[in-house]
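What follows draws every value from the coordinates through simple rules; no lab data is involved. Please read these numbers as outputs of a predicted model, since none were measured by experiment. When we count neighbours, we look across all protein chains shown, and the Cβ atoms used for this are built from the backbone with ideal geometry, even at glycine.
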Amino acid sequence: MSFLTSPFFLVGRACESQRLPRNFSLCSSGLAVVAALGCGGEGSVTRDIAAAPGPGGSVTAAPAASSQWQPPAQVEAESPVARFGQLRVEGSALVDAAGNPVQLKGVSTMWLNWEQNYADSKAGLRWLRDNWGLRVVRAAMGVEPMGAYLTDPAPMINQVRNVVHNAIDLGVYVIIDWHDHTAELHQDQASAFFAQMAEEFGSYPNVFYEIYNEPKQISWPLVLKPYHEAVSAAIREHDPDNVIIMGTPVWSQNVNLPADDPVPGTNLMYTVHFYSCTHRAQQRAIAQSAHDKGTPIFVTEWGATSSDGGTNPAGQVCTDEAQAWHDFMDSAGISWTAWKLDDCADLSCLFRPSAPLDGGWTDEWLNGHGPFVRDHMQLYPQE
Ligand code: MG
């Protein structure tokens, strides 16, 4: 097994997530556990272990699918979905049922194979909706690690269902995310999964499909675009209209490639990810240029941290650079979900260890970039 295909590398992000030269020396020096420490990011094994003591850090047995779940008789009044309804894409814009541009802001769960308690908390989601202005939650379904979708599909699907059911109950939008770095190797599984999700949830206006979280350095025309075409076609057999979000090469930074060679179809968007201590003006210029060309963008992950997700608690929170990204996103009306809804010492964990599960996250519970995320989720400057 080469280092590039080691589990540690597959789930990490620090050494992979930028267009700048990557710090392979950090990643390749020493033991695998050192690699996990150095390169662990949004999904590092080490980060997960570090999160274990809190109420959201432990991995409990996956709750049974809420098989008794019944959709609400009507969308909750004043909720985001009650307000905006079925969304679609027009040019570069996400628009509501009336055709008006709409910006959604919210959070991503932690990898669902590693964190289930905050992700499952309906009360917590309601609190974020009502107190922070959350309109969307992203269900980050791990695919490759042991215990994730490829080895344990049933509990992972149930986890996704739980998040989606909560979102539908609360009138919140929800992104079903295939959280993978080599999805081109799992195209058949992804197609089958999304066909199932589209069959179950395609009639709900709440749902987005994010079919490939962060591709690595793979060819857009030869590998990634064909993957998106195939998986999107599987969705469209069951759901003709809900928005599909597609990853872009190099950890979802090279949105310039689909800008010049888009996937055919309707209601398609592309994702850009940024971690502001690492991804700065150069990456932002790529996104700005794509937006200016009319490319619809949804930022499904960002952090005011380094690209390792702030796994080193002694690292930085780069709010000045993050503010420049938010100035761009707000001016362009770009929707986003912040990484990540979890309690741990990582600077990208919104909450301190042992924070409550069900809301009430006052200042003393916020961690790392948490205050910055909260402050920006509450702002909808174009409304
Ligand atoms: Mg639909």
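Per-structure values
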read-out: Simple spin-label estimate for Gln189 and Ala230 in nanometres, 7 Å along Cα-Cβ; value: 1.4 nm
read-out: Proxy reagent accessibility, fewest Cβ within 10 Å first, across Leu341, Leu185, Leu366; value: Leu185, Leu366, Leu341
read-out: Order of Ser335, Ser289, Ser79 under a 10 Å beta carbon neighbour criterion, fewest first; value: Ser289, Ser79, Ser335
read-out: The stretch 91-377: translational diffusion in µm²/s, Stokes-Einstein, Kirkwood Rh over Cα pairs, 20 °C, 1.002 mPa s; value: 115 µm²/s
read-out: Ascending count of other beta-carbon atoms within 10 Å, so fewest first, for Arg129, Arg280; value: Arg280, Arg129
read-out: Fully extended contour minus Cα-Cα distance, from Ser354 to Glu383, at 0.36 nm per residue; value: 6.9 nm
read-out: Residues whose placed amide H lies under 5 Å from that of Ser306, excluding near-sequence neighbours; value: Cys277, Gln316
read-out: Cα shape, the stretch 239-378, gyration tensor, a/c 1.5 rule; value: prolate
read-out: 14 Å Cα-Cα reach of Lys293 towards aspartates and glutamates, excluding residues that sit fewer than 8 places from it in its own chain; value: Glu90, Asp260, Asp261
read-out: Reachable lysines, given that their alpha-carbon falls under 21 Å from the alpha-carbon of Lys122 and they are not under 8 places away in the same chain; value: Lys105, Lys340
read-out: Model label zone, Ser331; criterion: amide N under 17 Å from point 7 Å along Cα-to-beta-carbon; scope the stretch 263-282; value: 280-282
read-out: For the stretch 110-179 and the stretch 220-278, distance of Cα centres in Å; value: 21 Å
